[in-house]
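Student: Sharing a structure here in structure tokens format.
Just so you know, all these numbers are worked out from the coordinates, no wet-lab data involved. As the structure is a computational prediction, the values presented were derived from the model and not from experiment. Glycine also receives a Cβ, built like all others from the backbone with ideal geometry; neighbour counts cover every protein chain displayed.
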Amino acid sequence: MAKSMIAKSRMPKSREHGDIINRLSAPDFEAARVPSESAPLAERTKDRLAQAIVQYMVEHGLNQSQMADQLGEDRSLINKVARGRLESITIDRLTGWVERLYPRAELRLMNGGSGR
């Protein structure tokens with residue numbers, strides 16, 4: 001079994017390295033954005049909600065169009081969630097989606113450290 005998994009995932013050939021570096025260095029490349037621990041609570045909350053939505057997509061084998069259909073939303077919004085581009089998406093909207101996907105979901109507030 002391990003051998004078949006190795007065969008499916010291969011390292012890029014030397015000639016492909018330059019192409020990969022060029023694509024990653026392109027000005028229009030957007031890497032997934034993960035907020036730091038010092039980011040505002042709202043930003044970290046939005047990120048965690050988006051992670052739950054993407055996790056649902058992966059677990060259920062859904063692509064962005066299928067997820068958009070399930071939520072009754074435009075695919076471009078789901079694309080933003082999948083890419084971590086959450087600036088224009090409200091916590092209320094993300095929470096509503098998570099509630100629809102995970103009806104028994106709960107949000108918990110945890111003290112992250114200093115107790116101040």
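Student: Could you tell me how many of the residues in segment 68-116 are within 20 Å of T45 (Cβ to Cβ), outside any loop (DSSP other than H, G, I, E, B) and aliphatic (A, V, I, L, M)?
Tutor: Counting residues in segment 68-116 that are within 20 Å of T45 (Cβ to Cβ), outside any loop (DSSP other than H, G, I, E, B) and aliphatic (A, V, I, L, M) gives 9.
Student: Scanning segment 73-104 for residues that are hydroxyl-bearing (S, T, Y) and farther than 14 Å from Q55 by Cα, which turns out surrounded by the most Cβ atoms within 10 Å (Cβ to Cβ)? Please lay out each step first, then the result.
Tutor: Step one: filter segment 73-104 for residues hydroxyl-bearing (S, T, Y), giving 76, 88, 90, 95, 102.
Now drop any that are not farther than 14 Å from Q55 by Cα, which leaves 76, 88, 90, 95.
Values: S76: 9, S88: 8, T90: 11, T95: 16.
Filtering first and then ranking leaves T95.
Student: So, one more: The conditions are (1) closer than 28 Å to S38 by Cβ; (2) polar (S, T, N, Q); (3) surrounded by 15 or more Cβ atoms within 10 Å (Cβ to Cβ), and Q64 fails exactly one of them. Which is it?
Tutor: (1)
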